[in-house]
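Each remark here refers to the structure printed beneath this line.
Please treat every number below as a calculation from the coordinates, not as lab data. None of these values were measured; they are calculated from a predicted model. Glycine gets a Cβ as well: all are built from the backbone with ideal geometry, and neighbour counts include every protein chain shown.
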Amino acid sequence: MPDGDQTASDVGVKWWHRWFRTPGELRDLGVVGINMRNARFLLPNNPRRLYRLVDDKLQTKALAEAEGLSVPETFAVIRTPHDASRIERILDKRYSFVIKPSRGSGGKGVLVIDEREGDLFIKPSGAVLTRDEIRHHVSNILAGLFSLGGQRDCALVEYRVRPAKLLTDLSYQGAPDIRCVMLHGYPVMAMLRAATKESDGRANLHQGALGIGIDIATGVTVRAVHHGKPVTKHPDTGVDLIGIQMPEWNKILDIAVTCQEMTGLGYLGVDLMIDEEIGPLMIEVNARPGLAIQMANGIGLLRRLEPVVKQHKENPGAGHYEKIAFSKHHFAAKIRKATS
Amino acid sequence: MSARTKLLIAVLFLVFLGGGLAWHKVVHLGIPFWRGESVQDWEIEAKVSFLGTGKRPKARLSLPAVAVDMNRGQEAGSLGYSFYTERNEGEYTAVWSGEERQGGQALYFRIRVPEGTSGGGEPIPGNPPEAVTPGFPSSLGDPARAVVGRIKTTTSDPDSLFVSVFQQISGEDAPQEILLLKRHYEKESREMAVLDMGIDLLNLAGVPARLAYGVRLEPDLGAQPPVPLLEYYDGAYWKVRNPMEPGQVLDGTGLYVWHRGGGPLLDVTGGENSRVVFTVAKEPVPLRTLTDLRDSPWMVSTILGLPLSERAVFRYIVLIPLGAFVVVLLRNIVGIPTLGTFMPVLIALALLEIPLARGLIMFSVLIGAGLWFRFLLSRLNLLVVPRVAACVVIVTLLMMLMSVIGYRMGMAGGVQITLFPMIILAWTIERMSLIWEEEGKRSAIIQVGGSLLVAVFAFFFMRIGQVQYWSFYFPELLLVLLAGILMIGRYTGYRLSELIRFKTFSDA
């Protein structure tokens, strides 16, 4: 028995860690599984009727604008096939834009156009689309191809966010976004998702994107994972990923907490992007945020969620800034451990 | 009351209700709990249907005398009809009569036959009847006599004569005379041609023969029309044989002889479009117990109260909850990703109709080929709904192609694809191609593979004979299953797949 193999961390390395972890070990680490997330945090805190507020991006944006939050400007909403056939007039004079389904999830059906040469539209990857192909994409969106449950949908044409230089450096193509998970309005964990060559411009961790944990207190990146394994440099560009200060971190937290207040959802994830000129923009609110964020931060979500549950019970009327202060105080990253 | 206690109460209630009803059925009504505990009977149900014409209908259905004499259990079902059985010279007839009727009418008669003992086709002694010389049209008289004459020289007794006649009729290289006769009979009596011709030839040869009817002892057939058989007199006994297999003595394994004696099988007055169909089932529960069950004040036996033909559907339907349970187990406890939630149950149900290995190969080939076509289609930039429809058309053609190829290669069973798997296939292809485009081929293959894996597990679970027996005879046990599903619904532990997913998790 390799029992003497105790390392600095409190869990010893065992032979089976190459293959799996026992439920007891995961519980000790405070890891939250899908079943626990659903049964303990989603179902009791997110009433079904509130989902439509966030599943439909048009509604979310309307709410956010009413709250005075900055969101990417909507150039046009395409609701009918008739609108779709007039797409050239809608796209007239737009040189960069994003087309997305209003009810899409997980980045499905999002088409980003960076540049334009006459009637040809160029994606960030350099791929070229004709106007017909764009129209076809829009009619797919309208037919509900990308929406939850396949219901009819409408397509949003939006401002294309120009990410701050600081962030584009961390990503191989694609724009990195910040995900902040909240419970009862307390920010509990945050991460930056950056694309890699492998993930093909997408920010989905299971497709090979990087998950970079961010310290709630300071907005500094503390840890990064690629396919679940800690890394310190970008696998494609070799850029350092740790110790980067997110710009306007307090404003980001502020937007995240406001999103919780305006939707009323108890457990949610807020996705943001940082524009070069405009600053942090709210992109979407997710009522079923995934669990990869714990990998990126190297901390089990339960360690953050349980104190919040307790705090919320003792102090249900806590205000906006009180919540931010609580999170900043309790969830500050410990002294960074050198991982390399 | 917290959600937890509510759940506990609901679970206990369901377990006690379901378990209690099952216990009541086992202890007080005597239904065996384990499948192998009882003798299996064949239950054969005749369903007479006709259209009432506003007159007083009267229906007469001939019954198998051997089964009625054995008195293993019989039962007539018909709401609002008066019913009796009539006995005449050893033959039994069920007689229903009722008031003026309009519209579709259905009458049922059910008998029990012990498995593999009596086929109802035993030789019965009888008085020598007159062999009626059939009247042939002048042009056919000579060929018929020539055929009979030739057969007679090579055979010694009525049995071999019978075999020889039908071998000649259905043989590959039939002589000219037979072909001539066949053409005549096919014009006259269509599907009964072989039988009518056989009867006439036998009579011409001096062997009295008449029509009889049987039922195939194959539960999977569902509602089947009666199988025409032939009864002939060998000098001392009336014997029954199947003209399609003339050399074989009916021993009660494949066919049950329902009607003999030469009279009509069914006779309806005061109704139109009358017909009789048979449904066969293996029934482990004695008929007397079943009757008790139907009369019991507990509404525990609604399925068993239905006529056989209607009940057969439930054999599949009660399996669906079992499949759903397997899906819940594999998704929420094991964590296998699937395409859609209940797609695997549907695939498993489809697999129940085809042999497993062949079904899986077929599914994979069809999905692969369909996907390829689907990508060809995607270059045309079609709208969503027409594209799915195009997918359905292509899957249909592929299935036909595969069936033909399978048949040419001698896999006769490979062609049993029904409507149901087809729709599932088209749908799978469409969803898989979407995931392929959106999330990459890895996710698509993982999800389809996961669906097939879950489907195979569900299939094996649904195939267990004991499980099928319980779900059919003790449907109340589904309440216990429901309790199990409710419990899993509150399971907050890790999925097995998460133990692997988080294997690299380490404290920061």
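A few remarks follow.
- Peptide A:201-210 is shielded by partner chain Cβ atoms: per residue, an average of 2 of them sit within 10 Å of its Cβ.
- From the Kirkwood radius over Cα pairs of chain A, Stokes-Einstein at 10 °C and 1.306 mPa s returns a whole-number translational diffusion coefficient of 75 µm²/s.
- Only helices reaching 24 angstrom along their own axis (Cα) with mean Kyte-Doolittle hydropathy no lower than 0.0 count here, and for the DSSP H runs of chain B these are B:3-27, B:356-378, B:384-408, B:419-439, B:441-463.
- Dimensions (Å) - region B:149-255, Cα atoms, principal axes, largest first: 42, 35, 21
- Label point distance in nm, A:Leu120-A:Arg48, each placed 7 Å from Cα along Cα→Cβ: 5.1 nm
- Cα centroid separation, region B:18-74 to region B:226-267: 24 Å.
- Fully extending the segment from B:Asn127 to B:Leu179 would add 15.3 nm, taking 0.36 nm per residue of separation and subtracting the current Cα-Cα distance.
- Separation of alpha-carbon centers, region B:151-210 and region A:128-204, rounded to whole Å: 79 Å
- Descending semi-axes in whole angstrom, ellipsoid equivalent of region B:319-474, from the Cα gyration tensor: 27, 21, 12
- Computed on the Cα trace of the protein assembly as shown, the radius of gyration divided by the Kirkwood hydrodynamic radius gives Rg/Rh = 1.12.
- Structure-based [θ]222 nm, chain A - -39500 (n - 2.57) summed over DSSP H runs of at least 4, per residue, nearest 500: -7500 deg cm²/dmol
- Using θ = phi - 60° and Karplus 6.51 cos²θ - 1.76 cosθ + 1.60, couplings along region A:273-281 (whole Hz; Gly, Pro as x): 10, 10, 8, 3, 9, 7, x, x, 10
- Between B:Trp238 and B:Ile124, B:Gly126, the built amide H atoms are under 5 Å apart, and every one of these is 5 or more places off in sequence or on another chain.
- Peptide B:376-385 is shielded by partner chain Cβ atoms: per residue, an average of 3 of them sit within 10 Å of its Cβ.
- From phi via Karplus (6.51, -1.76, 1.60), per-residue ³J(HN,Hα) for region B:243-251 in Hz, x at Gly/Pro: x, 6, 10, x, x, 9, 7, 6, 10
- The modelled label-to-label distance for the pair B:Thr396/A:Glu73, using points 7 Å beyond Cα in the direction of Cβ, is 5.1 nm.
- Least to most buried among B:Ser2, A:Ser102 (fewest other Cβ within 10 Å first): B:Ser2, A:Ser102
- Those lysines that a straight Cα-Cα span of less than 28 Å connects to B:Lys6, excepting residues fewer than 8 apart in one chain: A:Lys310, A:Lys313
- Estimated vicinal HN-Hα couplings, Hz - region A:170-176 in sequence order (Karplus 6.51, -1.76, 1.60; Gly, Pro = x): 7, 10, 8, 6, x, 9, x
- Modelled this way, with points 7 Å down the Cα-to-C-beta line, the labels at B:Glu99 and B:Gln40 are 4.5 nm from one another.
- For A:Arg162, the residues whose amide H sits under 5 Å from its own are A:Glu276, ignoring neighbours fewer than 5 places away on the same chain, with H placed 1.01 Å from N.
- Taking all pairs of distinct alpha-carbon atoms in region A:227-339, Kirkwood radius in angstrom: 16.3 Å
- Debye log10 I(q)/I(0) at q = 0.18 Å⁻¹ for region A:73-158, Cα point scatterers: -0.70
- In region B:1-89, the chymotrypsin sites (Phe, Trp or Tyr not before Pro) that fall in loop regions by DSSP, at most 14 other Cβ within 10 Å: B:Trp34
- Computed [θ] at 222 nm, deg cm²/dmol, chain B (DSSP H ≥ 4; -39,500 (n - 2.57); rounded to nearest 500): -15500 deg cm²/dmol
- Globularity index of chain B is 1.25 (Cα radius of gyration / 2.2 N^0.38 Å, N = number of residues).
- When only the Cβ of Lys, Arg, Asp and Glu is charged (+1, +1, -1, -1), the dipole of the protein assembly as shown relative to its Cα centre reaches about 2300 debye.
- Beta bridges per DSSP with both ends in chain A, % antiparallel, nearest 5: 100 percent
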